[in-house]
Amino acid sequence: MDGYILQALQDERERQDVKWGANRYLAQETWLTILMEEVGETAKAALEDDPSGYAEELVQVAAVAIAALESHRAGPPSLPRHGEWPECAEQSPPH
């Protein structure tokens, strides 16, 4: 794969992580909505004959797809169990 493309994808993923946070889990439907919004922007750039905007939007489409796949593989965050809640740590154990 072209090194320029890989670097552009990595740069865009880093930009997204700075903007939205690196450790985020979103539902599949939310990721799909974000992805389709980016696809729409890509289509708009193509229809407006904007080659640089088209390429930029394609990178964003690919980067969002990668972020969605990362989120999917990581799965939803686990909820703390009763003894792990912060307020439980403040209480002294029963004698």
>> So in region 57-82, with the set limited to residues that are surrounded by fewer than 10 Cβ atoms within 10 Å (Cβ to Cβ) and more than 18 Å from Leu32 (Cβ to Cβ), which one is modelled with the highest pLDDT?
In response: Pro77
> In the set Ala45, Ala8, Ala55, Ala63, which member is in a helix (DSSP H, G or I), of a type in the set (Gly, Ala, Ser) and touching a Gly at 6+ places or on another chain (Cβ under 9 Å)?
Replying inline: Ala45
> Which one is surrounded by the fewest Cβ atoms within 10 Å (Cβ to Cβ) among residues in region 1-48 that are among the hydroxyl-bearing types (Ser, Thr, Tyr) and more than 15 Å from Ala62 (Cβ to Cβ)?
Replying inline: Thr33
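The values are calculated or read from the model by the stated rules, or taken from the named source; none is laboratory data. Everything quoted here is computed from the prediction, not taken from an experiment. For neighbour counting, all protein chains shown are included, and Cβ atoms are generated from backbone atoms with ideal geometry for every residue, glycine included.
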